Amino acid sequence: GCPNQKLCASGATKAPDPAIAEIGAKLSTVKHKILVLSGKGGVGKSTFSAHLAHALASDSTKEVALLDVDICGPSIPRIMGLEGEQVHQSGSGWSPVYVDDNLAVMSIGFLLSSLDDAVIWRGPKKNGMIKQFLRDVDWGDLDYLIVDTPPGTSDEHLSIVQYLSSTHVDGAVIITTPQEVSLQDVRKEIRFCQKVKLPIIGVVENMSGFVCPNCKNTSQIFPPTSGGAEKMCADLNLPLLGKVPLDPRIAQSCDEGRSFLNVVPDSPAAKAYKSIVQSDACSSNSVKLFIYLFFLSLFLSFFLNINCQVRCQAKLEAMFLYLLLFY
């Protein structure tokens with residue numbers, strides 16, 4: 001019979017993984033954790049993750065890190081211009097590779113002996129690698145940790161959600177393209193987020209039309225036959241963070257390991273990236289301000305012993321009006 005029968009019968013295997021608490025302590029100095037997901041491969045998820053990290057790190061006062069958990073297809077080292085770099089061990093753990101002083105990257109691509117090496121692993125070994133990335137990397141104090149995931153809803157996704165369960169995760173940004181064949185899989189990704197109680201920050205429609213650099217006219221290379229991400233978000237009551245148009249220079253920049261935002265900063269695609277980052281930051285700040293004012297109002301009402309229901313309601317209405325006017 002199975003040599004682990006007694007162990008299974010004891011119930012010890014059902015106990016929470018002690019690594020979850022260790023990861024929670026390790027990432028306690030990370031303010032914001034954002035997962036980038038997609039149901040379909042080839043929609044530009046890693047490209048978006050890389051440029052999201054670049055855009056956030058453009059503020060020199062922010063510390064940003066990009067974690068690549070696409071174990072079998074690690075493309076982040078190439079996109080970030082870090083191919084050939086290696087991870088070094090220190091007393092405090094693995095040291096990530098830095099693109100800039102305030103932008104760190106970690107990927108299994110740094111651990112492979114050759115760029116052409118295939119990672120042929122089953123689920124448990126993938127999960128162990130993700131655990132090491134979260135627990136054993138010396139992330140330090142971060143403002144943002146961006147996690148680039150593989151397509152689908154499988155081992156890597158379950159592992160990252162489980163291991164981050166003891167920390168606060170801001171949520172997921174879901175990437176799609178306009179055509180229904182992509183949206184069909186993205187709806188599955190949304191269901192996954194809902195089932196594992198992972199907040200959804202919003203959806204980004206990538207490859208949304210092509211803007212000619214000469215005449216500036218827009219052509220729909222991938223027609224949104226079922227209404228695209230805009231209709232899907234309306235149907236599912238999700239925020240559409242923005243639409244990023246096709247631009248061949250994005251692919252060229254990724255192949256060369258350069259930030260497209262720096263190469264062509266005034267292009268429609270670069271402006272779309274920046275708009276998505278800014279709108280998301282504004283939304284996050286609005287929520288924080290609302291929560292702060294709400295609890296401040298409750299505290300003042302209690303402290304000043306304001307028991308009149310009408311006056312409390314008036315104060316709350318005034319607070320909501322202030323929020324609407326301010327934002």
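Of all the listed residues (Leu142, Leu238), the sole one being modelled with pLDDT of 95 or more and more than 28 Å from Thr61 (Cα to Cα) is Leu238. In this structure, Ala50 does not satisfy being crowded, with 21+ Cβ neighbours inside 10 Å and either farther than 16 Å from Lys274 by Cβ or among the hydroxyl-bearing types (Ser, Thr, Tyr) (or both).
Restricted to the stretch 166-216, and to residues that are basic (Lys, Arg) and on the phi < 0 side of the Ramachandran plot, which residue is surrounded by the fewest Cβ atoms within 10 Å (Cβ to Cβ)? Ranking the qualifying residues of the stretch 166-216, first place goes to Lys195. Condition first: modelled with pLDDT of 95 or more and surrounded by fewer than 17 Cβ atoms within 10 Å (Cβ to Cβ). Can you find one or more residues in the stretch 61-74 that meet it? Yes - at least one qualifying residue is present in the stretch 61-74.
Take the residues in the stretch 114-129 that are of a type outside the set (S, T, N, Q) and part of a helix (DSSP H, G or I), then tell me which one is surrounded by the most Cβ atoms within 10 Å (Cβ to Cβ). Per the stated criteria, the residue is Lys126.
Just one residue in the set Gly73, Gly84, Gly109 is in contact (Cβ under 8 Å) with a residue 60 or more places away in the chain and under 20 Å from Ser253 (Cα atoms); that residue is Gly73. Quick one: in the stretch 138-155, which of the residues that are touching a helix residue (DSSP H, G or I) at 6+ places or on another chain (Cβ under 6 Å) and farther than 25 Å from Leu240 by Cβ is least open to solvent (accessible area, probe 1.4 Å)? Among residues in the stretch 138-155 that are touching a helix residue (DSSP H, G or I) at 6+ places or on another chain (Cβ under 6 Å) and farther than 25 Å from Leu240 by Cβ, the one least open to solvent (accessible area, probe 1.4 Å) is Asp155. Taking the stretch 97-113 as the range and being aromatic (Phe, Trp, Tyr) and open to solvent by less than 40 Å² (accessible area, probe 1.4 Å) as the test, only Phe110 passes.
Identification of helices (runs of 4 or more DSSP H) wholly contained in the stretch 1-113 with 1 or more residues that are more than 23 Å from Asn127 (Cβ to Cβ) yields 5-10, 45-57, 76-79. Per the conditions (1) modelled with pLDDT of 95 or more; (2) under 22 Å from Ser159 (Cα atoms), the sole criterion not satisfied by Ile120 is (1). Of all residues being among the small types (Gly, Ala, Ser) and touching a strand residue (DSSP E or B) at 6+ places or on another chain (Cβ under 8 Å) in the stretch 208-233, which is farthest from Asp185 (Cα to Cα)? Just the residue, please. This residue is Ser219.
Among the residues of the stretch 226-245, none qualifies, meaning not one is β-branched (Val, Ile, Thr) and open to solvent by 40 Å² or more (accessible area, probe 1.4 Å).
Residues in the stretch 186-241 that are touching a Phe, Trp or Tyr at 6+ places or on another chain (Cβ under 8 Å) and free of Cβ contacts under 8 Å to residues at least 12 places away in the same chain: Ser219 only.
The values are calculated or read from the model by the stated rules, or taken from the named source; none is laboratory data. Keep in mind the model is a prediction, meaning the values are calculated, not measured. Backbone-built Cβ (ideal geometry, glycine too); neighbour counts: all protein chains shown. To get the accessible areas, we keep the full protein, side chains included, count just its heavy atoms, and leave off ligands, DNA and RNA. Shrake-Rupley method; radii C 1.70, N 1.55, O 1.52, S 1.80 Å.
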